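To keep things clear, I will list the structure first and then write my remarks on it.
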């Protein structure tokens, strides 16, 4: 694993990823001008840009200037709110052209030359029905095609979105203005997008995500229709990696069985935060409508019936104290449920009244904790690396390296 000298101390590539994802980057105009014709990088935040460190670690590339302009438009923030949080949104990282190559800098000091994914035409495509790929799906790294929100979040529309969720904020605003929520993406459109990503863009894995729903039967119909369409249009055998499915924990747990029959690799009923008092503020819909108990019942059902590592729960890394995160991650791991790690991107919406990301020591403790849990309980996250914001596979690779070094 690559080591770097930043802030007068040595950090590794996963720690660097945490810092860059949580702080964002200032991207020089020359970077877009020099590389947008040959690499997958563009000024539209919906393109979900990323870059690779020299050891292959995939890192989300959020250009702060373009990102904030975009959010100001879709979330209708007033200038006072932007000014209030401006000091918390400063980033020390920048991406510039250095000797003809893209390079990462920290406070104008060179860190290293990075690489960008090769260009493809994914974001310029439309489905047969005319649905644009951009705004409905993203490519992450070189392995993943991911859907942000295939159907609207009813919890958000009811006024209880997760505070950190961009889409949830959008649904909440639409509902407040009494405007209709977007219709769910048609299953055939979703399947066409997956087919293009697999056949034309070299992707090997799929991430399926929708909004939380009140009616578990309706959500089951949504999910089953997407999986059936993907099987018919793409073919499960042609998806060489994983299909990760994020769901609202259903009242009838037996519907989970059909998801596995239809080709899903792992299923998440994400808790996001273990601290229930904080979660009631940050993820109110999940606490008030679904309840923590229902999440745990679904996760344990999957683990007990399908084995360790088949259920997982995302944690938003950086919001809650390390002590409660440790308690929750350990509780799940002991029951064969993978605690996964998504780095909080505070540049979207304030969470619990703050947009201030934690320091390096917090991330360091999280990485060590998750590495220990993965090895102790033999929990392996998805084999395909390259999720821009999630770092569980990075941690798994690190944990294996540490274990091998112990026996050498």
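Assorted remarks:
- Measure of compaction for the stretch 149-283 (Cα Rg per 2.2 N^0.38 Å): 1.11
- The stretch 107-174 shape via C-alpha gyration tensor axes, a/c threshold 1.5: oblate
- When the convex hull of its Cα atoms is projected in every direction, mean area for the stretch 85-146 (nm²): 6.9 nm²
- The Rg/Rh ratio of the stretch 218-373, with both radii computed over alpha carbons and Rh defined as the Kirkwood radius, is 0.99.
- Structure-based [θ]222 nm, the chain - -39500 (n - 2.57) summed over DSSP H runs of at least 4, per residue, nearest 500: -12000 deg cm²/dmol
- Normalised convex hull volume, the chain, alpha-carbon set, Å³ per residue: 142 Å³
- Residues 144, 151, ranked from the fewest to the most other C-beta atoms within 10 Å, line up as 151, 144.
- Note on the stretch 322-370: semi-axes of the ellipsoid equivalent to its C-alpha gyration tensor, largest first and rounded to whole Å, are 23, 12, 9.
- Antiparallel bridge percentage (DSSP; both residues within the chain; nearest 5): 55 percent
- Counting neighbouring Cβ atoms within 10 Å and putting the fewest first, the residues 399, 225 line up as 225, 399.
Bear in mind these aren't lab numbers, they're just calculated from the coordinates by the rules spelled out. Bear in mind the structure is a predicted one, so any value in this text is a computation, not a measurement. No Cβ is skipped: glycine too gets one built from the backbone with ideal geometry, and neighbour counts run over all protein chains shown.
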